[in-house]
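Heads up: the structure comes next, in structure tokens.
We did not get these values from a lab; they are worked out from the coordinates using the rules stated. Computed from a predicted structure; not experimentally measured. With ideal geometry, Cβ positions are generated from the backbone for all residues, glycine too; neighbour counts draw on all protein chains shown.
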Amino acid sequence: MGARILLGVWLTIVVILGLSLPMVAQPQQWYDLPIIPGLEEKARIIFFHVPTAWLSVVAFISSMIYGIRYLRRRDPEDDIKSASAAGLGFLFCFLATVTGAIWAKFSWGTYWNWDPRQTSIFVLLLIYGAYFALRSAVEVEEKKAALSAVYAIIAAVTMPFFMFIMPRILASLHPEPILNTQGKVHMNITMLVVFLSSLAGFTGLYYWMWRLQVRMRLIELSDAQKLGEHSRG
């Protein structure tokens, strides 16, 4: 309970700071944020867009790891953990798409124009949408878990190409990353603290949601097993 309250307070503070701290051309006060050329006030979406994109990567990699574990151990709990991570990865990938579309509307005048980054993340959504279609199409639990594990591994292998490589080899209107090719951080210390706090807060939110979902599915699995034993008895 205490951890959940702390997480809620943390994220609330991050949201308030991210939306309310002034952005000025020449920061003078500790609470001033620098104006990022080409983004201006729209740069505030960095505090939410980047963490959601980051967590989609974390979740998809986690799904792959637990998929590998399932293929090695055939433990239903690993399948549950893999599927839960994939589900949250899909959610955060969708949120990254939405926040990116909002930024595109402000900057380009349209929510969607098939920019390489928009196209690549859309393809990634389709890939993981097919993952859940696969799970819903297979009724035998062991077969479902095995096929899903293999698919999660293959999908995660393609993820770096769509998230990191394709947007960089094709011309894009997307602003350069927070960390550019020279490794320079285009933030002052206040903006960096808020940004890293947002990353930490959203990562904590993901972990809490994942643990909760896994716990609920394990309870459902246990109840199903007890019901099966009772019906056989």
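If R0 is taken as 41 Å, the Cβ-Cβ distance between residue 225 and residue 15 corresponds to a FRET efficiency of 0.50. Quick one: helix 46-73 against the long Cα principal axis of the chain, what's the angle to the nearest 10°, folded into 0 to 90? Between the helix axis and the principal axis of the chain, the angle is about 20 degrees. Excluding same-chain neighbours fewer than eight residues apart, the lysines reachable from residue 105 by a Cα-Cα span under 18 Å are 42. For the pair the range 99-114 / the range 1-43, the C-alpha centres are spaced 22 Å from each other.
Pull out a ≥ b ≥ c, the square roots of the eigenvalues of the alpha-carbon gyration tensor of the range 129-169, then state rounded if a/c is under 1.5, prolate if not and a/b is larger than b/c, and oblate in the remaining case. Prolate. The angle between the Cα long axis of helix 141-160 and the longest principal axis of the Cα atoms of the chain comes to about 20 degrees, rounded to the nearest 10.
The residue 101 and residue 140 beta-carbon pair, evaluated with R₀ = 45 Å, returns a calculated FRET efficiency of approximately 0.70.
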